[in-house]
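Remarks on the structure that follows.
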Amino acid sequence: MTAERGHDAQGLALSCTLFGFATPGAVSMDVVSRLDLGWRPRGRDGVMSFSADVPISGAHADVGIALDAVSSSGEPILGALAREPSVQVDVALWFGAAGEPSTAVFSGDWLARCGRSFELWAEVEHAESDPRREGDPPPDRVTVSWSAGDDGATVDIEGMDTIERQRRLEAALHEAMRRGARRVRIGLHARTGIAGIVIPDSIVQAFRDHRTDLEISGERS
């Protein structure tokens with residue numbers, strides 16, 4: 001994950017944080033001074049970063065609307081950063097380990113008008129207590145379902161290491177967009193790990209271009 005969330009967000013059904021990164025040489029430092037986002041040094045490499053908690057209530061949330069509430073000088077941060085494409089923006093989702101599955105929704109209309117693309121991270125938090133099971137631990141599973149009119153498909157990604165899971169996820173999403181998907185649903189089914197995924201900003205941009213609805217759910221089973 002890009003960065004750790006605050007302790008206040010731990011244990012929630014769903015929580016979200018917006019991150020930004022400005023690298024010297026790629027980003028003029030006047031951007032940092034102009035946008036009052038609580039920038040701070042990140043390590044010793046000169047990178048400046050900020051983070052902002054996104055207000056989420058409940059286990060089923062329209063995250064796009066919640067992101068609109070995170071503002072700088074009265075303007076949504078994503079809108080403000082639309083004019084600064086060299087600033088890297090990440091949106092991180094954490095799904096709670098207990099209870100029913102949680103769902104984060106990004107409507108295609110919101111994606112189209114939000115101002116800019118971003119990299120999207122998602123994972124399921126570990127349970128505070130996880131009793132040991134007999135035999136080999138079951139693998140995490142990620143499902144990708146998409147629909148486009150009468151067309152559609154579901155891809156199950158199970159028992160893969162992190163790199164292979166990510167490769168198959170991106171292949172499934174590229175195929176969905178190639179086929180003109182209007183809705184994409186991703187399910188994270190964590191068992192022993194966190195079922196973590198990353199949706200690159202280039203794929204999020206494809207969702208924006210096609211006004212594709214995106215839903216991500218997460219649970220620990």
With the dipole of the chain defined by +1 on each Lys or Arg Cβ and -1 on each Asp or Glu Cβ, the option from Gly20, Ile65, Val105 whose Cα lies farthest towards the positive pole is Gly20
Cα extents of the range 57-164 along the three principal axes, largest first, in whole Å? 55, 40, 28
Cα centroid separation, the range 84-132 to the range 168-221 (Å): 11 Å
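In percent, what relative contact order does the chain have, based on Cα pairs under 8 Å that are 6 or more apart in sequence?
Values: 465 pairs, mean separation 50.1, N = 221.
That works out to 23 percent.
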Hey, what angle do you get for helix 162-178 against the long axis of the chain, alpha-carbon based, 0 to 90 degrees rounded to 10? 80 degrees
Rounded to two decimal places and with Rh computed the Kirkwood way over Cα pairs, what is Rg over Rh for the range 93-221? 0.99
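Of the heavy-atom accessible surface of the chain (probe 1.4 angstrom), what whole percent is carbon and sulfur?
Summing carbon and sulfur atoms, their accessible area is 47 percent of the total for the chain.
Just the number, please: percent antiparallel of the DSSP beta bridges in the chain, rounded to the nearest 5.
Working: 43 of 61 bridges.
Of the beta bridges lying entirely in the chain, close to 70 percent run antiparallel.
Rounding to the nearest 20 debye, state how big the charge dipole of the range 176-221 is about its Cα centre with +1 on each Lys and Arg Cβ and -1 on each Asp and Glu Cβ.
Values: 9 positive and 5 negative charges, 41 e Å.
It comes to approximately 200 debye.
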Quick calc, the range 54-172, dipole around Cα centre from Cβ unit charges on Lys, Arg (+) and Asp, Glu (-), nearest 20 debye, gives 320 debye
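Counting only other residues whose beta carbon sits under 9 Å from that of Phe106, what net charge do I get with K and R as +1, D and E as -1?
-3
Might you tell me the accessible area per residue for the chain, computed with a 1.4 Å probe and given in Å²?
50 Å²
The values are calculated or read from the model by the stated rules, or taken from the named source; none is laboratory data. All values derive from a computational prediction rather than experimental measurement. Quick reminder, even Gly has a Cβ in these numbers, built from the backbone with ideal geometry, and neighbours come from all protein chains shown. In case anyone asks, the SASA skips ligands and DNA or RNA and just uses the protein heavy atoms, side chains included. Shrake-Rupley method; radii C 1.70, N 1.55, O 1.52, S 1.80 Å.
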